[in-house]
Amino acid sequence: MITLSQRLKRKNDSDSGIVNRAPIRDRLLVKEAQEMSQLLPASCSVQYHNENDLSKFTLVVQPTEGYWEGGSFKFDINVTEEYNMVPPLVKCATKLWHPNISENGEVCLSLLRRHSVDGMGWSPIRRLNDVVWGLHALFTDLLNFEDPLNVEAADQFRYSKEDFKSKVTEYVLSYARE
Amino acid sequence: MADENDNERIDENQRPDKMFTLKKWNAVAMWSWDVECDTCAICRVQVMDACLRCQAESKKDSYGKQDCVVVWGECNHSFHYCCMSLWVKQNNRCPLCQQEWSIQRMGK
Ligand SMILES: [Zn+2]
Ligand SMILES: [Zn+2]
Ligand SMILES: [Zn+2]
């Protein structure tokens, strides 16, 4: 396993003499990635795509309770160069039946809204750790049927929780096995 | 958003301090932790030092300290002017308290 300090050291070596286009993001990421790994929820894990790049990683959430229990859900997270003025881009790479995540992988989490009129969207005081906990909570605390992205899923839940539950399970068995 | 009662469903494996954080987040939507009042909550550098951007961009000997000033809002929150001027282009609210941002004073 490669530690953050090793990763950082290699990064500095490879960057020497080259003008870094995203110095703020990269400096913030060194601290935030470390914090994120220290505070990671027990049901989550993080996979970096490239050991020299802290800005692109996959978060794997494996809920231990609730409708999606037993599934393994991957979120591709891209921390763009404008970070932390804008939130990371998040896409769910595992197909699932969820009121707040579309079948195409769009994620509806207030924290990830770039422009916010209600004060609930992104703020530069937020950190990667908040994003991870927010995504993790979409399967428990922040699960929200009132303001759905997948309207069909939310409607189904309203009419028949059993039907909803079995469709969730069907998707988990088809797409979200490890 | 989930209401307070839903916190009972929180995974036992979660750390107690995070339960508190999450609960508070649901309750008030905005929070911060270990942000001291003399630290810029945007770049997380002391406001009396040059901001992260100025530190990264300036020559090694000057650190741009003389140009990187502190700005206080009407809400009494302070940030580097550099950091805040970038943020207000996105959203003209204080990142800490979400009040409409207006400058009370600037300086060091
Ligand atoms: Zn700052
Ligand atoms: Zn500055
Ligand atoms: Zn404020």
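The values are calculated or read from the model by the stated rules, or taken from the named source; none is laboratory data. Keep in mind that this is a model prediction, so the values were computed, not measured. Note: ideal-geometry Cβ built from the backbone for every residue, glycine included; neighbour counts use all protein chains shown.
List of remarks:
- Scope the range A:150-178; condition assigned to a loop (DSSP other than H, G, I, E, B) and within 22 Å of A:Leu59 (Cβ to Cβ); matching residues: A:Asn150, A:Ala176, A:Arg177, A:Glu178
- Taking each residue of the range A:141-163 that is closer than 20 Å to A:Asn104 by Cβ and looking for partners that are assigned to a helix (DSSP H, G or I) with beta-carbon atoms closer than 6 Å, six or more apart or interchain, yields A:Phe145/A:Ala154; A:Phe145/A:Phe157; A:Pro148/A:Ala154; A:Gln156/A:Asp163; A:Gln156/A:Phe164; A:Phe157/A:Phe164.
The rows are residues; the columns are (1) modelled with pLDDT under 95; (2) surrounded by 15 or more Cβ atoms within 10 Å (Cβ to Cβ); (3) of a type in the set (Phe, Trp, Tyr).
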position: A:Val60; (1), (2), (3): no, yes, no
position: A:Lys74; (1), (2), (3): no, yes, no
position: A:Val90; (1), (2), (3): no, yes, no
position: A:Gly121; (1), (2), (3): yes, yes, no
position: A:Leu128; (1), (2), (3): no, yes, no
position: A:Val132; (1), (2), (3): no, yes, no
position: A:Glu152; (1), (2), (3): no, no, no
position: A:Glu170; (1), (2), (3): no, no, no
position: A:Leu173; (1), (2), (3): no, no, no
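- Residue match in the range A:31-45 (condition: more than 12 Å from every other protein chain (Cβ to nearest Cβ) and of a type in the set (Asp, Glu)): no
- A:Asp147 satisfies every condition listed in (1) away from every other protein chain (no Cβ under 13 Å); (2) assigned to a loop (DSSP other than H, G, I, E, B) except (1).
- Selection from the range A:76-103 of residues that are within 15 Å of the chain's Cα centre (by Cα), away from chain B (no Cβ under 14 Å) and closer than 21 Å to A:Ala154 by Cα: A:Lys91, A:Cys92, A:Ala93, A:Thr94, A:Lys95, A:Leu96, A:His98, A:Ile101, A:Ser102
- Verdict on B:Cys82 being modelled with pLDDT of 90 or more and either away from ligand 1 (no atom under 13 Å from the Cβ) or more than 20 Å from A:Pro23 (Cα to Cα) (or both): no
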